[in-house]
Amino acid sequence: MKHFLSLSDLSSEELHQLLELAVRLKKEWQAGGNQPILRGKALALLFQKPSLRTRVSFEMGMVHLGGHALMLSPEEVKMGSRETPADVARVLSGYVQGIMARVFDHQHVVELAEYASVPVINGLSDDAHPAQALADLLTILEHKGKLEGVRVAYVGDGNNVTRSLLHGAMLTGMHMAIASPAGYTLTEEDWDTAESLRTHGASFEIYQDPTAAVAEADIIYTDVWTSMGQENERAQRLAVFPPYQVNQTLLRHAKPSCLVMHCLPAHRGEEITDDVADSPQSIVFPQAANRLHAQKAILAQLL
Ligand code: CP
Ligand code: NVA
């Protein structure tokens with residue numbers, strides 16, 4: 001594994017190794033601190049979109065492992081307009097030992113990886129959010145004690161977060177039910193990819209009815225209805241998505257032991273209500289905290 005652009009590039013074994021590494025680094029950190037295995041190394045954090053979790057978890061991950069992180073805001077680099085991703089990749093490769101990039105067009109991380117001589121990590125593109133999915137799998141593993149056989153229902157927009165979670169679920173033997181409105185689900189190509197990644201025990205189902213999707217779920221997962229870059233579609237989306245809100249009524253259709261996840265930031269009152277996000281069934285904050293440990297595993301593995 002040279003770069004980390006999409007979980008669909010990983011084998012099931014590579015993904016399990018990353019998860020084991022995350023578990024080990026988390027234990028080590030909780031026991032007093034990590035070994036400075038990245039001493040003298042620097043990671044560029046290149047952002048075309050805003051971030052809280054991704055920025056802070058990668059930066060603190062580098063600090064905990066003895067290295068440095070360098071924040072590069074959209075305004076200063078202007079990748080794609082001031083300079084091409086290919087040029088940015090070759091220039092940064094002369095200064096830092098890794099590049100984490102958050103972009104609109106997924107092709108930008110692909111191009112960075114093609115031209116960089118250092119590892120490139122996708123910190124979210126319009127297509128995928130693999131670093132999030134790794135933290136999500138770690139969180140499910142901690143709360144359910146296993147991944148194989150766990151049933152996740154994703155309710156809402158079929159987006160970057162859905163796609164990466166589906167890849168992760170298929171590589172780890174989980175069952176994933178996805179309920180999205182017509183026109184807002186993943187593509188035929190995504191179902192083919194999911195099929196090709198399916199390991200022992202893994203399966204997925206596609207629904208339009210959210211109550212049917214959550215019936216047997218151990219985990220209900222949701223994300224915003226309007227992702228970054230889709231702001232001009234907001235009114236149109238708000239008209240379509242309300243039946244997909246994760247609220248107490250939907251939770252009554254699920255098992256009482258069902259846990260609720262959200263990658264955050266949440267648009268509270270839209271895809272998730274406060275009384276669900278802040279309920280004892282919600283694990284959204286342990287999930288956010290696990291970004292730190294999952295991101296450290298990626299850094300330790302690649303850098
Ligand atoms: N979940 C996530 O990636 O959060 P940020 O957009 O704040 O980084
Ligand atoms: N789907 C969301 C995820 C944010 C972490 C977005 O792309 O804006």
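The values are calculated or read from the model by the stated rules, or taken from the named source; none is laboratory data. Only a predicted model underlies this, so the values are computations on that prediction, with no experimental measurement involved. Every residue, glycine among them, receives a Cβ derived from its backbone with ideal geometry; neighbour counts consider all protein chains shown.
The table for this structure:
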| read-out | value |
| --- | --- |
| Yes/no for ASP105 being over 20 Å from GLU76 (Cα atoms) and within 13 Å of ligand 2 (Cβ to nearest atom) | no |
| Any chance ALA86 is outside any loop (DSSP other than H, G, I, E, B), in contact with a helix residue (DSSP H, G or I) (Cβ under 6 Å, 6 or more places away or on another chain), at pLDDT 95 or above and under 30 Å from THR226 (Cβ atoms) | no |
| Any hit, segment 196-208, residues being closer than 20 Å to GLU271 by Cβ, surrounded by fewer than 17 Cβ atoms within 10 Å (Cβ to Cβ) and of a type outside the set (Phe, Trp, Tyr) | yes |
| Restricting segment 241-278 to residues that are assigned to a helix (DSSP H, G or I) and within 16 Å of ligand 2 (Cβ to nearest atom), the residue that is nearest to ALA179 (Cα to Cα) | TYR244 |
| Number of the exception - ASN159 against (1) farther than 26 Å from VAL246 by Cα; (2) within 16 Å of ligand 1 (Cβ to nearest atom) | (1) |
| Flag for ASP190 being in contact with a His (Cβ under 8 Å, 6 or more places away or on another chain), within 30 Å of THR84 (Cα to Cα) and touching a residue at least 24 places away in the same chain (Cβ under 8 Å) | no |
| Residue ID - nearest to ligand 1 (Cβ to nearest atom), chosen from residues in segment 211-235 that are polar (S, T, N, Q) and without any contact (Cβ under 8 Å) to a residue 12 or more places away in the chain | GLN230 |
| Conditions (1) touching a strand residue (DSSP E or B) at 6+ places or on another chain (Cβ under 9 Å); (2) surrounded by 19 or more Cβ atoms within 10 Å (Cβ to Cβ); number of the one not met by GLN301 | (2) |
| Yes/no for ALA116 being closer than 28 Å to ASP190 by Cα, more than 16 Å from ligand 2 (Cβ to nearest atom) and surrounded by 15 or more Cβ atoms within 10 Å (Cβ to Cβ) | yes |
| Any chance VAL77 is closer than 21 Å to ASP126 by Cβ and more than 21 Å from the chain's Cα centre (by Cα) | yes |
| Residue under evaluation ARG55, criteria (1) more than 23 Å from the chain's Cα centre (by Cα); (2) closer than 23 Å to ALA135 by Cβ, criterion not met | (1) |
| Residues satisfying the stated conditions in segment 63-103, i.e. without any contact (Cβ under 8 Å) to a residue 24 or more places away in the chain and within 16 Å of ILE298 (Cβ to Cβ) | VAL63 |
| Helices (runs of 4 or more DSSP H) wholly inside segment 1-80 that include at least 2 residues being within 16 Å of ligand 1 (Cβ to nearest atom) and surrounded by 15 or more Cβ atoms within 10 Å (Cβ to Cβ) | 53-64 |
| Out of SER196, SER180, sole residue that is among the small types (Gly, Ala, Ser), out of contact with any Cys (no Cβ under 7 Å at 6 or more places or on another chain) and within 16 Å of ligand 2 (Cβ to nearest atom) | SER180 |
| Whichever residue in segment 238-273 is within 22 Å of the chain's Cα centre (by Cα) and among the charged types (D, E, K, R) and, among such residues, is surrounded by the fewest Cβ atoms within 10 Å (Cβ to Cβ) | ARG268 |
| Every residue from segment 40-70 that is closer than 13 Å to HIS293 by Cβ, away from ligand 2 (no atom under 16 Å from the Cβ) and small (Gly, Ala, Ser) | GLY61 |
| From the options SER93, SER117, SER73, residue that is touching a Gly at 6+ places or on another chain (Cβ under 9 Å) and hydroxyl-bearing (Ser, Thr, Tyr) | SER117 |
| Whichever residue in segment 145-191 is of a type in the set (Lys, Arg) and surrounded by 18 or more Cβ atoms within 10 Å (Cβ to Cβ) and, among such residues, is nearest to LEU259 (Cα to Cα) | ARG151 |
| In segment 119-157, the residues that are in a loop (DSSP other than H, G, I, E, B), farther than 17 Å from THR172 by Cα and away from ligand 2 (no atom under 16 Å from the Cβ) | PRO119 |
